[in-house]
1. Condition test on SER331, is it polar (S, T, N, Q), more than 21 Å from the chain's Cα centre (by Cα) and within 22 Å of ALA45 (Cα to Cα)?
2. Here are the criteria: (1) small (Gly, Ala, Ser); (2) within 18 Å of ALA33 (Cα to Cα); (3) surrounded by 13 or more Cβ atoms within 10 Å (Cβ to Cβ). Tell me which single one GLY44 does not satisfy.
3. Please enumerate the residues belonging to region 290-315 that are in a loop (DSSP other than H, G, I, E, B), out of contact with any Gly (no Cβ under 6 Å at 6 or more places or on another chain) and surrounded by 12 or more Cβ atoms within 10 Å (Cβ to Cβ).
4. Looking at LYS259, is it modelled with pLDDT of 95 or more, among the charged types (D, E, K, R) and surrounded by fewer than 18 Cβ atoms within 10 Å (Cβ to Cβ)?
5. Would you mention how many residues in region 316-330 are at negative phi and surrounded by fewer than 12 Cβ atoms within 10 Å (Cβ to Cβ)?
6. Is region 250-269 home to any residue that is among the polar types (S, T, N, Q) and in a loop (DSSP other than H, G, I, E, B)?
7. Among the helices (runs of 4 or more DSSP H) confined wholly to region 34-139, which include 2 or more residues that are of a type in the set (Ser, Thr, Tyr) and more than 20 Å from the chain's Cα centre (by Cα)?
Amino acid sequence: MPTKPPLPVKDEVILWFDAIGRGDVGRVGGKNASLGEMVSMLGGAGIAVPPGFATTAAAYRALVEHNRIGDRLAGIVAQYRSGAMPLHEAGEGARRLFLDAELPPSVADPIVSAYRDLSRKAGKREVAVAVRSSATAEDLPDASFAGQQESFLNVVGERALLDACRRCFASLFTDRAISYREAKGFDHLQIALSIGIQVMVRSDLAGSGVIFSIDTETGFPRVAVISAAWGLGETVVQGRVDPDSYMVFKPFLSDGRLKPIVEKRVGAKAQKLIYATGGSARTVLVECSRHERDHPVLEDEEILELARWAVLIERHYGCAMDLEWAKDGESDKLFLV
């Protein structure tokens, strides 16, 4: 049997973050394009991003073609749009097509190979990774699909990784994603999905949160606002906890003699998400100790470092930014994720 020729560059199914930039939104989605941009353009400025890679829109389309589910997806979408099928039934049916699908070797093999490389670079036999979905739209680079697809944390091993990838592909058809695309007039069959696979930061042993380069409540542009909670960042992103909140006056950040933290509020932080041990669950929500509830997640110098990163990225992009950060409890280092 003749060997299948390699995919053309534009159809690569795997791209490492250092090969991605913000011009690649159509191939790897907004989240992965931004991670690549920070690695390739801002790493020299001291901004730290955990290493990783992304599957491209070509990988998603290869899965659809290999399993011949395109026509069945189109049929489900047509029934939903005509009113013959309710949203929950359409979403469940579309997701089932992906959950029952086989990842073709042209997709699975490069994912496994890249994961092995990532594990080797991390000095682990099988490194724990975050597996995050990032919807793509070739002709709609400004479309925002944030928060509509699934993410999986603390994924370890090749089999678990491929299973998480299949579930990410299926999550392109969550009920929320379908209704959003329908409301915005997007063609459900033209959207694809990229997956970001990134070394986990051990924020389960420390904390994580979100940075806004402006005050989102007032629109005041001269401050950065940082939210912080103990454990993995899903609790902050999903609004499950009352986090710490720190406000920094950006114009004074360039003066190393100053500490321009203008507001610091310690939140209740009643719970935290950490790695699970035993069983099939990868993470578990637990109660925070009294000490954790009463004390800030970040030291002043860490607050200032994150604020400086926000300023650098805002300047690079030329617009206000929101960023997710995590602190590694083993190394005490900060990262943007």
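The values are calculated or read from the model by the stated rules, or taken from the named source; none is laboratory data. Bear in mind that the values here come from a model prediction, so they are computed numbers and not experimental data. Reconstructed Cβ throughout: ideal geometry from the backbone, glycine too, with neighbour counts over all protein chains shown.
1. yes
2. (3)
3. Matches in region 290-315: HIS295, PRO296, LEU298.
4. yes
5. 2
6. yes
7. In region 34-139, 70-82, 105-121 are the helices (runs of 4 or more DSSP H) which contain 2 or more residues that are of a type in the set (Ser, Thr, Tyr) and more than 20 Å from the chain's Cα centre (by Cα).
Each row is one residue, and each column tells you yes or no for (1) free of Cβ contacts under 8 Å to residues at least 24 places away in the same chain; (2) surrounded by fewer than 20 Cβ atoms within 10 Å (Cβ to Cβ); (3) not assigned by TED's automatic domain parsing to the domain that holds ASP187.
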| position | (1), (2), (3) |
| --- | --- |
| LEU73 | no, yes, no |
| GLU89 | yes, yes, no |
| PRO105 | yes, yes, no |
| ARG120 | yes, yes, no |
| VAL129 | no, no, no |
